[in-house]
């Protein structure tokens, strides 16, 4: 009986060993840290002196944030063009010129195009449904120490913005808060909006 159980116990041990040795997938934090270090290392004066300090998630941007930001920019553009068009129309009533007429045509085309873009954005928003609340990008505070060009080890702090899983690609890395993007990427269907922008009419 003992001899019969031995092969089964051996198989069970092998299965348990393989399961316990199975590679644990990297965490979001680890992927982001690796991406940052890959990005930074060829820019450091002394890679060997590098010391990781911390990586803290400080914010996340949703697709709805991206959509609203871009929607507002098109609304402002339309309002600005409509204001200019109103002025041009007043001039055309008294002193008409080719330049004046050209401005009127240009402004009318711009308003029409941006209204079409707004319509597309609204359609995309409706199509996304609850997915508009999904995270589009993450913002981190990243700190490390490394030797500067004088050989002195200094502490550096960066704001890092990435896209989402699985790659968590670096979208922006800066040590200047003024260079942090409000919306570092787009939203599903945004390429269609960009295509519309490239069209003259």
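The values are calculated or read from the model by the stated rules, or taken from the named source; none is laboratory data. What you see is a predicted model, and the numbers here were worked out from it, not measured in a lab. Glycine also receives a Cβ, built like all others from the backbone with ideal geometry; neighbour counts cover every protein chain displayed.
Observations on the structure shown:
- Total residues in the stretch 37-74, condition in a strand (DSSP E or B) and either farther than 30 Å from residue 125 by Cα or at pLDDT below 95 (or both): 6
- Per-region count, the stretch 120-162, residues in a strand (DSSP E or B), surrounded by fewer than 16 Cβ atoms within 10 Å (Cβ to Cβ) and in contact (Cβ under 8 Å) with a residue 40 or more places away in the chain: 6
- Residue 31 vs. criteria in a helix (DSSP H, G or I), more than 28 Å from residue 114 (Cα to Cα) and within 17 Å of the chain's Cα centre (by Cα): yes
- Matching residues, the stretch 74-84, being farther than 22 Å from residue 196 by Cα and surrounded by 14 or more Cβ atoms within 10 Å (Cβ to Cβ): 84
- Within the stretch 104-114, considering residues that are within 36 Å of the chain's Cα centre (by Cα) and surrounded by 14 or more Cβ atoms within 10 Å (Cβ to Cβ), the one nearest to residue 66 (Cα to Cα): 114
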